[in-house]
Amino acid sequence: MESPLTLIQIPPGHSVEEWNEAYAKVESYLSALRVKNKFLRGQFVYRILGQAIQRPPQEASCAPTELAMEEAVKVINNWVGQLLNANVADTPHRIATQGRLAMLLADVPGKWQELFLTPGPWPDGLVKAMRESYLRAGPDFQVSQMQPRPIDLGPIHTLTTLHKRPYLKMMMVWVLFLAAGIFLFLVWH
């Protein structure tokens, strides 16, 4: 039996070290998604790198890590989209965020790790858990009404409305009397 490593030919223009770095990035990404089984994680990484290597030659100017991570995101988005029966092209950002959150809420890497990134049909428990988690992953819809309120300008507003205060004139008269008294005291002593 031939080793899977001999099936992939590294395209010219990039070194083996660059593809090793891409391997490490994709492996870290899958590890962050809680794929704990090293054997499965290695298979997923190998499959993703194989697809990244086979991308069109005009993308050869991109770094292998960039190609591999784009392919990883695409593969996971497509898998989540198929599982949720959602069109990835219509909602790529929603699938990317809510789909991954739904995966973590449903504990797909923990309970159904061997089904991660595999084509369907999937067990009903996996599909149900993902769909319920996907709906929970979004914000709750709340009807609210906003009433316009006056803007509170803080102390500036208070200073601009001092002339409207009823006791302000009386306070100013007393402050003037007090100032006059202090002045007279200082002059005569």
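General observations
- The listed residue being more than 19 Å from the chain's Cα centre (by Cα), under 23 Å from residue 119 (Cα atoms) and at pLDDT below 70, out of 4, 12: 4
- Entry remark, region 131-150: residues being modelled with pLDDT of 70 or more and not assigned by TED's automatic domain parsing to the domain that holds residue 99 number 8 in total.
- One residue alone among 68, 72, 96, 52 is part of a helix (DSSP H, G or I), under 18 Å from the mean Cα position of the chain (by Cα) and modelled with pLDDT of 75 or more, and that residue is 72.
The values are calculated or read from the model by the stated rules, or taken from the named source; none is laboratory data. Only a predicted model underlies this, so the values are computations on that prediction, with no experimental measurement involved.
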